Structures are given as C-alpha cells and as structure tokens.
Amino acid sequence: MASQSSAPSDDGQPPSAQEDVLFPVVAIGASAGGLEAFTQLLSHLPATTGMAFVLVQHLDPSQPSLLTELMGHTTEMPVLEAADGLSIAPNQVYVIPPNTEMTIVAGQLRLKPRPRNGSRIIDSFFSALAQERGNRAIGVVLSGANADGTLGLEAIKAAGGITLSQSEASAKFSQMPHMAIATGQVDFIQTPEDLAQTLVSLSGHSYVTSPDPLEPAVPHPGEAEDEATLGGILALLKRATKIDFAQYKPTTVKRRILRRMALHHLESLDRYGQYLQANPEEVQALHQEILIGVTSFFRDSEVFTALEQIVFPTLLRDRNPDHPLRIWVAGCSTGEEAYSIAIGLLEYLGHHNASLPIQIFATDVSDLAIETARLGWYAPSQVGDVSPERLQRFFTPADGGYQINKVVRELCIFACQNLITDPPFSRLDLISCRNVLIYFGVALQRKVLPMFHYGLRPDGFLLLGSSETVGDLSHLFALVDSHYKIYAKQSSSLPLSLDFSPTAYPPPLPRPDLTQERPPSIDIYTQADQTVLSRYGPTGVLVNEALEILQFRGQTGAYLEPAPGRASLNVLTMAKEGLRLDLRTALYQAQQTGQAVQRQSLLLKAGERPRPVQIEIVPLRPQTTAPLYYLVFFTETLESLATAGATLEADPVAQVEMNQYLQENQALRQDLDTTRSHLQSIIQEQEATNQDLRAANEEILSSNEELQSTNEELQTAKEEIQATNEELSTINDELYRRNAETTRISDDFQNLLSSIHIPILMLEDDLRIRRFTPTAAALFNLIPSDVGRPLSDINHRLAITDLEARITTVISTLEQSSQEVQDQEGCWYDLRIRPYRTLDNRIDGAVVVLVDIDSLKRIAEQLRQARDYADTIVQTLREALVVLDHDLRVVTANRQFYQTFQVGPADTEGRLIFDLGNGQWDIPQLRSLLHDLLPKNLQVEDFQVTHTFETIGPQMMRLNARKMTQVNGNDLVLLAIETTLN
C-alpha cells in the first residue's frame, strides 16, 4: 500500500476549502520556453470554461515582468497580476509577480518574498492548491529546464486532482516535462493545443465541478444499480490484482474511481464498468490509482527526532549485541520511509559508538513501488529535503540522480506483501505503518492492529501516521507520545486471528456487447507478412520471447540448420556456427532495449568463400497487452565482394595477396567487434541477473520470515486449541450443572406459580402471553395453549377498557402502575403493572398482578358507615364535645362546642386546648383534670369548673372525660362539657 501521503485524506475535502466555491483551479507551471507554451495553451481556451487559471513562471527577480501584459493579448479572459489576499474567480487568469512565492488559502492568493533558493515555487503552489481544492485542483507542467513541479503534481494527484504535462517533443526545453512524466503521475501528455481541449472537456465533468463528487447533484433512482456495479468493479480488481479493496474505506475507493471516470470523460458508473471489461489495462491503471501515495525522505522530520530520543534508546538499552534489531516498515511505497529509518538508525549508532546487526523489512502491496524501492535511485527533486551532509554520506550521484549507497541498501529487505491476506513478520522491535490505516475500514483496522501486536516483541514499539490511532484497541498498545503517535506493546492474551478468507463479492460485471466497438483481432502471421513485405521480402524467421521459431520467411537454409540431437526450433540452436554468437548478442540487445538492432558485415563461411551477412532484429508487439515477438532478418551484403572481384580482374596476380589480407583484416576487426559486443551483453545480463538474484533473495528472506511467523502462529494456535478443548470440557460440565440447576429452578418456579392464589400474568414486550398462574387463567379466560398469543386476542373479565394501553405505557416509561378495578361479578382487585426485568437489567415485557381487595373494600365501607353513624350522633348531642390527642391538642369538636363558646374550627383544631380563645381555656382546674386526674383515672364524671369567658361571660361547666386507648399508641381524650350560666 502506498503510504506517507502528504495530501489531504480522500474521505473529504480539506477543511480550508470553502464549500460555496465550487469552480476548479488550473495551476500552470513553466520555466524556460514557458512564454511560447503559455501562448499556445491560452489561445486555444474559450473564455467561459468556469475555471480559474494561475500561471506560475520562473521570472527574473531583478526585472519587472511583462507576462501579464503579453497574456492579456493572447486570451479573451481577464488577466491579472496576483496580489496578496486577492480572491480568485472563475474565467480569469492570474500571473505570479517577479521575486515572489505564491500559495492559495481559502480561495485567496497569498504572496511572500521568494527565498534565495526559491527554485521550487511551482511545487509550492501546486502543493498548496492540492490541499486547498482536492479533486478540483488541476496541475499543468509546461516547458522548462529544471525539475520544479514534479513533487507538486504528485501532491495534486494524491489529493484526487488531475495532472497534465506538455509532451517532450513539443516543449522548447523538455527537462521539466521529462521529470514530471518520469514519475508516472501524469494523466495527460499532450501538446499545448491538445491540453487546452482536454481542459475544456474536463471543465464540464461533475468530478471537478461538484462540491462532493460522491453526492450527485440530482438524485437518481439507479443508486442500487450503482452499488451493484461498484461491487462488480471491486470483484474485477480482486481477480486481476489479488487485492481486496472491498474492505478499504468506501469514500477512498469511490473517489479514485470517479477520478478515472473523469479522465475518460465518463459520467456513468455503469459505462465505466463496461470500459473496464473492454480494457484490461484500465484495470491495472485503477489498481495503481487506488494505491497511489506521496512519500519523501525524512517526511515530518520531528518524528525521526522522536525515534532517536524515545524509541532507539529504549530498544538498545541492555541489548545483546548479537541479537539483530528488527524493524518492519509496512506500506513502504517507493522506499523513502525505510531508507530514512535506516539512515537515522545508522546516525544514532554512530553517535553512540554502538554496533549491532540490523534487519529492516520493507513491504508494500504494489509491485511497481517495490521495484522502485529495490533500485534505490531517486531524482534530484525527490531528495530535495535531504540535508547535504546526509546526501554526501548515504547517497551516490548516478544517472542524473542519486543512488542509495551499499551500506544503507543492504540493511533493507524489500518484498511484496498484502497486510490483509499475508502473515506478519515476528520478533520485531519496531513497526512503522504511517498513513496506511487511514485507507482501511474499521473492520480491517481491527484485523491488522492485532497482527502488529503479535509481531512485536514484548518491549516493541508501533509508529503510526499523524491522523491515525489504535482506536478501541488501546488494551493492545499503550500511548507513549500522542503528538508523534508512538505506541508501546502491552501484554495481552488476545489470540491472533488466522482468518484470511476472501471477501464475498457480488457477481462479476456482465460483459458488455462490444461487437461494434471491439477492435478486429490481429493475426500475428498477417502482421509479420506486412512487416516483411514492407522490407522487400528479406529472408528471416519469426520467434517468440523464448526464441522459439514460429514461422520461416523465405529460404533460410544458408543461415539455419537443424542441430544434431533432440529436435528443437530454438533459433540459437539452429543458427550456423558463424552466426550464433552475433545472433545471441543482437537478440539480447533487442530484448533489453525493445528497439530494432542491426549487426553489420558479419562473415559467414560457406565452403571456401566468405560472405558478408547482416542480421537485423525487429521487436514486434501485435497488441498492447500481447507478449513481444521478434523478426530476425538475414541479408547478404555483396558490395565488398564486387569490389574485390573487379580488382582481381584488373590485376589478378598483383592484388591476390592484398585482397586476402584485407579480407582477413576485415574478419578480424569484425570478430573483435562481435566479441566486444558479446562481452558487453554478458556484463549487462550479469548485472540484470545479479539484480534479479538480489530481489529473489529478498523475496526468499521475506517468505522465510513469513513462514516462520506462520509456523509460530500455528504452534500458538495448536496450544490455544488444546487449551480451548480443556476449556470447552470444563464449560460442558458447567453447562450440564447449570442445566440441571435451571431445570430445578424451573420446577420450583412452576410449583410456586401453581401454589400462589394471586392472579399473575407475564407478557412479552409485544404483549404476547409468556406465563400465568391458575387464578389468572380463570380471570383472563386462559388455557395453556394461549401462551404466545397476543393479549388483544383474549377476552378477559376485568371491567377496564385500556388495559393494553396501560401495559404499553409501563413498558415504555418504566414506571409502575396501580389501579383498583372490578371484574364482571363486582369483585374488587388492586391492578398492579410492573416492567419485566431480566437479570442483565433489560426490559423484556411486563408483569400484571391482581391482588384481591374485595374483603378490604367491604370492611372499609362498613367502617365508613360506622364512622358516619358515630359522627351523626356526636353532632346531634346538646353537650359540647372535644376530642384531644395525647399532647392535649384539639383533634375535632362538635357543632355544639363551636356554638357555645363562639369559636370556629380554624381557631380550634390542631391547637392546645389551653391556648384556645387567647388562653381563656388555660384554667387551673382544667389543667389539673387533664394532667393529673385523667392519667390516673381512665374516666372523669361531673367535674365542675367555674370560669369567666370574655365572649360568653361566667360559666359553670360540668366536665366528663374519658380516655380512649388506640392500637397505635396515640391515645385520645373525649371531653364532654355541659355549661350552666353562673
């Protein structure tokens, strides 16, 4: 998986982008020869593309620029010189001023003084535009004599934008287009005029005009079909590349697909699926598109400083010098991350005078990325962030770029690996997996992180990207540094899952009917005939990549003959002795270069007379995806023989020796030339073989590590299975015991329900009957087969119409309900409804209980009638009556009392009898009666008290008191007062 991407995530637009600015921005970079290219491009653009165009040109910092004025005469669009804070608008052209570096933030151009080494102003603006506009960023590289713009194009493509470059043949200075094209990140390579037409076509595509290309502007009813088509596309990718993209984040995959659709001017996902079916090379292009990433040496240099300060000291502390330090860079892309860690580790060991074996395993799912990493060659723009000291120490200038030196290269083992399906490495000290997990879905992250945990030593570390975390797997990794995302392995008993089963894909896309569009099949023999005829029919053969002869052309007996032994059609085996060495050399050169190769004046001895022969090898590929074939032509050159014959006729005696000498000299020179060419071919072949052997050795080492890891996993799995068997046996015994206990509890519960003479009805959450007691069966008209039926189907005997509604309310609100109800016979019940709670405190229905309160209701009615009867008697007495509590506070009094003493209930009840009437009842004899006499005598009769009241004057009262004992201990005093005017 390509990693270390510095571009915004594919899951959304950059936060700085304004949602209301929907138009795309085209950044056009150029240097030497740029004026002519700008003119050709802008002159072919209409004024209403809906795009903004920004020209970034390398200008003389000491001279004013006329570029704005010149471009104003070229296009109908307004041409403005950029200013700091200037907001861009569609259908306008903006030109960078001299001696400035320009970026874009929130739709506004930002200018600052150009740095002294400001040779990368195009890269700077392209990168800012990628972060600002995402899929609405378009980068164009035109003529120039340096490498500026290369990294910027990579950033734009990683952000989902579209990249274009002028063709090298049409550029006045081809170095800038050449460097951009060499990265493989350019979508369109055309002349400036054709680039203008491509931009016009892109300006109308929804991918660059929609604020979010994943959300169509107008909903359509075919979304389900689109999902099916997307599943078919993923299935096609899986079959072609063996990589399962179904578990990647859907937004990432969809954006990459939509970008490819824009490049081919397709609006329908279904049409793109058909295009994939008809063009296998597009499947590979989409595969590389999804895996695209941007990486660089020592990206986020603070992270490598943190490794030197936190991780390396811990790993090297008290370490056995014989134990190698093992590091795994997962998702290494083109190798910069792995080489950066190797360089940083070598520098750390050098500063601390330490030495120990180092093994750095760098893996990626992309074959192309691994091949680039193994070569270890990088363009100057790719090592721009490497310090001069490191560049001199760890790199070697080679072929216009820089080659990783042997010391660093031999520390790193590169191999293709799929994190999803391949086993991990083991016994690792550090795993670096930066900006890989952001492309994975949650389920895939939960699968990969335990694999990392398994592969690390107990004191190992995990390094993630700045926007990545371990999520809910914090029990596997402890956070060491939250800023640089460094984690330490935690001990855990979590087993490693060995489930590498493939994703279940929907049926593959139906193959479209391409009868009208499919190109006619090409017959290799027909094409060979056409090629031979175009060369006037020389003698030759057609061979395949294995050099087996497929067809003979003309009479080849003078050059080829069957070899003794087993029959073979190999052209080298059949070649005559004098041709074999030169033919092998020419074929090897043609295979390596892919171009036609000629060998001049080759001598072939036929009897006594030598004959000059020319061999020509022409590579032939009938289709883009077809293998290479080779046409081998044999042609005799008779010019030298004719010259020699004429000389012999003129002076046959004098020139014989000279002619023989010249022929021998020519033969020796030719032999020397052939030997040199053959030796060079052998050297090149040997170098290629060494490179292949190194790659094979690295693959073997990687496979050995994976097999060893798998073996350890299987051994661990075996032990875990044995432990699991023991656990299952124990669990089985426990389940048997619990089953017996459950049966016993069920029997007890059934007997309990049968013994309870209370109607109880248990219901499911959908009001279906769960259980009921026998008494509930009579009240609700239930039989045993009613279990599972809805309560609404049952005709109960309760006089209540909203029983189901009350039960539903209790289930939803969790509040108990109680209500007195009657049945059809008039018997009273206390209806209580409670939520049915499980052992895990989950509500799973309701319990309806009916308590028979008919007797209580009747007794209460009798008591009420008795109380009313007694109250009637008390109220009709002519004597004043007062009821006091044990604290001598008035509980109640009859009407005669209020009338006699002219007081009201509000001024009387609840107050001390001695406080009534402003203390008029604070009579010593009354206190003596109530405090002293009454506690000793349960009743007092005819106790006379004389007192003068303010309202009614002097009165002689005859008191009769009786103490009434209560069950609750709160005794009452009944005081009867008979008054007589004194």
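Helix-only arithmetic for the chain: the sum of -39500 (n - 2.57) across DSSP H runs with n ≥ 4, divided by the residue total, places the mean residue ellipticity at 222 nm at -12000 deg cm²/dmol.
Label zone of E741 (point 7 Å out along Cα→Cβ, amide N under 17 Å): in region 835-863 this covers 839-840.
Multiplying the residue separation of T946 and I843 by 0.36 nm and removing their Cα-Cα distance gives an extension gain of 29.9 nm. Largest accessible area first, the residues S817, S568, S755 order themselves as S755, S568, S817 under a 1.4 Å probe with ligands, DNA and RNA left out.
Annotation: lysines with alpha-carbon distance below 30 angstrom to K157 (same-chain offsets under eight excluded): K112, K172, K238, K242, K249, K254, K447, K485. Residues in region 385-392 carry Karplus couplings, in order, of 8, 7, 5, x, 5, 5, 4, 6 Hz; the curve used is 6.51 cos²θ - 1.76 cosθ + 1.60 with θ = phi - 60°, and Gly or Pro positions show x. With the simple spin-label model, which puts each label point 7 Å out from Cα in the Cβ direction, the R116 to T801 separation comes to 9.6 nm.
Multiplying the residue separation of N968 and S754 by 0.36 nm and removing their Cα-Cα distance gives an extension gain of 73.3 nm. For region 34-155, what class follows from the C-alpha gyration tensor (a ≥ b ≥ c being the square roots of its eigenvalues): rounded when a/c is under 1.5, otherwise prolate if a/b is larger than b/c, else oblate? Taking the square roots of the gyration eigenvalues as a ≥ b ≥ c, region 34-155 is rounded. Of the solvent-accessible surface of the chain, computed with a 1.4 Å probe over protein heavy atoms with every protein chain present, carbon and sulfur atoms account for 52 percent.
Of S203, S127, the residue with the largest accessible area leads and the full order is S127, S203 (1.4 Å probe). Using the Karplus relation 6.51 cos²θ - 1.76 cosθ + 1.60 with θ = phi - 60°, the per-residue 3J(HN,Hα) values for region 941-952 come to 10, 6, 8, 9, 9, 10, 7, 9, 9, 5, 8, 10 Hz, with x marking Gly and Pro. F772 exposes around 40 Å² of accessible area when a 1.4 Å probe is run over every protein chain in place. Distance between the pseudo-spin-label points of Y898 and S43 (7 Å out from Cα toward the beta carbon): 11.6 nm.
Each of (i) 2, 6, 9, 10, 8, 7, 6, 6, 5, 5, 5, 5, 5, 5, 5, 4, 3, 2, 1, 1, 0, 0, 0; (ii) 2, 9, 15, 17, 15, 13, 12, 9, 5, 2, 1, 0; (iii) 2, 8, 11, 12, 13, 12, 9, 7, 6, 6, 5, 4, 2, 1, 1, 1, 0, 0, 0, 0 is a candidate for P(r) over Cα pairs in 10 Å bins from 0, in percent; the one calculated from this structure is (iii).
Taking label positions 7 Å along the Cα-Cβ direction at both H351 and N725, the computed distance is 5.4 nm, reported to one decimal. The phi-based Karplus calculation (6.51 cos²θ - 1.76 cosθ + 1.60; θ = phi - 60°) puts the 3J(HN,Hα) values of region 701-713 at 4, 4, 5, 4, 4, 5, 5, 5, 4, 5, 4, 5, 4 Hz, whole numbers, x for Gly and Pro. A Cβ-based charge dipole, computed about the Cα centre of the chain with Lys and Arg at +1 and Asp and Glu at -1, lands at about 440 debye.
The angle between the Cα long axis of helix 223-241 and the main principal axis of the chain comes to about 50°, on a 0 to 90 degree scale. For R553, nonlocal amide neighbours, meaning residues 5 or more places apart or on other chains whose placed amide H falls under 5 Å from its own, are G540, V541, L542.
Mean sequence separation of contacting Cα pairs (under 8 Å, at least six apart), scaled by the length of the chain, corresponds to a relative contact order of 6 percent. Excluding ligands, DNA and RNA, the accessible surface per residue across region 756-856 is 55 Å² with a 1.4 Å probe.
Could you give the angle, 0 to 90 degrees to the nearest 10, between helix 524-534's Cα long axis and the longest principal axis of the Cα atoms of the chain? So the helix axis and the longest Cα principal axis differ by about 40 degrees.
So what is the accessible area of region 228-290 per residue, in Å², with the probe set to 1.4 Å? So region 228-290 comes to 35 Å² accessible per residue, rounded to a whole number.
The heavy atoms of C416 offer some 40 square angstrom of accessible surface to a 1.4 angstrom probe.
Exposure check, 1.4 Å probe, all protein chains in place: E371 carries approximately 100 Å² of accessible surface.
The values are calculated or read from the model by the stated rules, or taken from the named source; none is laboratory data. Small disclaimer: the values here were computed from a predicted structure and weren't measured. A quick note on method: Cβ atoms are made from the backbone with ideal geometry, for glycine too, and the neighbour counts reach across all protein chains shown. Just so you know, the surface numbers come from the protein's heavy atoms only, side chains and all, with ligands and any DNA or RNA stripped out. Shrake-Rupley method; radii C 1.70, N 1.55, O 1.52, S 1.80 Å.
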